[in-house]
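The values are calculated or read from the model by the stated rules, or taken from the named source; none is laboratory data. If you're wondering where the values come from, they're calculated on a predicted model, not measured in any experiment. So basically every Cβ, Gly included, is an ideal-geometry build from the backbone, and we count neighbours across all protein chains shown. We work out accessible area using only protein heavy atoms, side chains counted, and drop any ligands, DNA or RNA first. Shrake-Rupley method; radii C 1.70, N 1.55, O 1.52, S 1.80 Å.
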Amino acid sequence: SCKLFFSNDPVKIVTAKGQYMYDENGRRYLDCINNVAHVGHCHPDIVKAAHEQNQLLNTNSRYLHDNLVDYAERLSKTLPAKLCIFYFLNSGSEANDLALRLARHYTKHEDVLVLDHAYHGHLTSLIDISPYKFRNLEGQKEWVHVAPVPDTYRGLYREDHEDSATAYANEVKNIIEQAHMRGRKIAAFFVESLPSVGGQIIPPAGYFQKVAEHVHKAGGVFIADEIQVGFGRVGKHFWAFQLQGEDFIPDIVTMGKPIGNGHPIACVATTKEIAEAFAATGVEYFNTFGGNPVSCAIGLAVLDVIEKEHLQAHATEVGNFLMKLLKEQKIKHPIIGDVRGSGLFIGVDLVKDQAERTPATAEAEYLVTRLKEEYILLSTDGPGRNVLKFKPPMCFSMEDAKFVVDTIDKLLT
């Protein structure tokens, strides 16, 4: 039930370093897919931190350990002050499942608002709030409400709309009102800070603030899923939700993937009020491996590397350069309908027709297959599987960007 990358001619990877992966014949591939090996594959500092702590102790978090406190403190410095309670877990799916429980205990409501095409994880609770999955399974549950993706390229309200942020937020408001008419009560608005499976979408600034207003008024909380896009990937900010403006603070933030550079760690950050409501149930939350000393040592090492190697500034610089090169290609090749992104999170929307914006699905598939033959690993996403999805390790360089775009240019030509 798991499909390999490039299934017609799969790649066997045996080693990796930085932004490069090597197959069994020693051939080097440039990795543009991997947002898990965040600071680079097999980064020596991360490997060292894991090894050194493994030699001392690895146990659960029912014992006191400095790593746990140190790590929570370090993470708290990257977030708004009110997000000061941390739960450590093993995967993004676990984090999102816990966020859902926290929201329901705090609000005493059940229903969840999500964006169309969203994907939030593979647990049963999360398949239920992931239109990307449930549309092909049992369908939509009564307690789930789906809002349009705030996509200003091919969505309901486009780049020529005078105020797309308000227009998309009003769609959420209308859905809440309709739910209330049916006696439903909203627990949470659950959203990826930058919808990735939805097609590398950059929501219009101000959209989250306006949605949060409607959700809070309905007694719900705002959950920002940063599992794909956190930890400086967007460049100018550490967290992608901060692209919306300094006045926006979610009630719950979930983290995974890049947090451990390939080691299974995840985290939920929330407010004291929400955490206290959860604790008041009297049913403790315990996670065998969450917050263990080795995981926390690795998490600390990842934060150290991001800081030491100035990877946030690097993501801005290289991301801007990559976007510039891709926009030059857009002028040259009419198949490129849109180039959008922030830092090293970029989508290239391929279209059959510039006016109709019809997804060029087969062409996108052909392009990533041909890129693989040129030793570049890139994937597609979006409802039409037509969006080239750039989310490489953060050490991705200017030379890498030029190499990829030159190769795309050659193949499109």
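Listed residues Gln312, Gln329; which is closer than 20 Å to Ser196 by Cα, assigned to a helix (DSSP H, G or I), open to solvent by 10 Å² or more (accessible area, probe 1.4 Å) and touching a residue at least 24 places away in the same chain (Cβ under 8 Å)?
Working: Gln329 fails: closer than 20 Å to Ser196 by Cα.
The match here is Gln312.
Taking the residues in segment 15-50 that are in a strand (DSSP E or B) and among the basic types (Lys, Arg) as candidates, determine which candidate is farthest from Cys395 (Cα to Cα). Before you say what the answer is, go through the steps one by one.
Taking segment 15-50 and keeping what is in a strand (DSSP E or B), we get 15-18, 20-23, 28-31, 41.
In the following step, the residues that additionally are among the basic types (Lys, Arg) were identified as 17, 28.
Details: Lys17: 10, Arg28: 16 Å.
The residue in question is Arg28.
Which of the following residues is at positive phi and free of Cβ contacts under 8 Å to residues at least 40 places away in the same chain: Gly235, Gly230, Gly282?
Working: Gly235 fails: free of Cβ contacts under 8 Å to residues at least 40 places away in the same chain; Gly230 fails: at positive phi.
That would be Gly282, the only listed residue that is at positive phi and free of Cβ contacts under 8 Å to residues at least 40 places away in the same chain.
Mind checking which pairs have a first residue in segment 39-65 that is at negative phi and a second that is open to solvent by 60 Å² or more (accessible area, probe 1.4 Å) and charged (D, E, K, R), Cβ under 6 Å, 6 or more apart or different chains?
That search, which allows pairs on different chains as well, returns His41/Lys17.
Of the residues in segment 170-211, how many are within 30 Å of Leu89 (Cα to Cα), open to solvent by less than 10 Å² (accessible area, probe 1.4 Å) and either part of a helix (DSSP H, G or I) or not assigned by the TED database to the domain that holds Val146 (or both)?
3
Could you list, in sequence order, the residues of segment 332-346 that are under 25 Å from Ala266 (Cβ atoms) and either over 20 Å from the mean Cα position of the chain (by Cα) or in a strand (DSSP E or B) (or both)?
If we filter segment 332-346 for residues that are under 25 Å from Ala266 (Cβ atoms), which is where we start, we get 341-346.
Result: Gly341, Ser342, Phe345, Ile346.
Could you say whether any residue in segment 105-116 is in the same structural domain as Ala188 (by the TED database), surrounded by fewer than 18 Cβ atoms within 10 Å (Cβ to Cβ) and among the β-branched types (Val, Ile, Thr)?
No.
I'd like to know if segment 85-97 contains one or more residues that are open to solvent by 20 Å² or more (accessible area, probe 1.4 Å), aliphatic (A, V, I, L, M) and within 30 Å of Asp128 (Cβ to Cβ).
yes
For segment 16-43, name all the residues that are open to solvent by less than 80 Å² (accessible area, probe 1.4 Å) and more than 23 Å from the chain's Cα centre (by Cα).
Tyr22, Asp23, Gly26, Tyr29
Suppose we filter segment 269-301 for residues that are closer than 20 Å to Thr254 by Cβ, of a type in the set (A, V, I, L, M) and assigned to a helix (DSSP H, G or I); how many remain?
So the answer is 6.
What about Asp349, is it in a helix (DSSP H, G or I) and outside the structural domain of Ala118 (by the TED database)? Quick ask: steps written out before the conclusion?
On the way: in a helix (DSSP H, G or I): no; outside the structural domain of Ala118 (by the TED database): yes.
Here the answer is no, as Asp349 does not meet what is asked.
Kindly establish whether Tyr119 is free of Cβ contacts under 8 Å to residues at least 60 places away in the same chain and closer than 30 Å to Gln354 by Cβ.
No: the conditions fail for Tyr119.
Limited to segment 117-169, what total is found for residues that are among the small types (Gly, Ala, Ser) and part of a loop (DSSP other than H, G, I, E, B)? Quick ask: steps written out before the conclusion?
As a first pass, look at segment 117-169 and keep what is among the small types (Gly, Ala, Ser): 118, 121, 125, 130, 139, 147, 155, 164-165, 167, 169.
Restricting the remaining residues to those that are part of a loop (DSSP other than H, G, I, E, B) gives 118, 121, 130, 139, 155.
Number satisfying all stated conditions: 5.
Here is a list of conditions, (1) modelled with pLDDT of 95 or more; (2) in contact with an Asp or Glu (Cβ under 7 Å, 6 or more places away or on another chain), and His161 meets all of them except one; can you say which number that is?
(2)
Conditions: (1) without any contact (Cβ under 8 Å) to a residue 24 or more places away in the chain; (2) closer than 29 Å to His65 by Cα; (3) not hydrophobic (A, V, I, L, M, F, W, C). Gly290 meets all but one. Number of the miss?
Condition not satisfied by Gly290: (1).
Of all residues in segment 129-148, count the ones that are β-branched (Val, Ile, Thr) and loosely packed, with under 14 Cβ neighbours inside 10 Å. Before the answer, list the steps.
First, pick out the residues of segment 129-148 that are β-branched (Val, Ile, Thr): 129, 144, 146.
Narrowing the set further to residues that are loosely packed, with under 14 Cβ neighbours inside 10 Å leaves none.
Looking only at that region, the number is 0.
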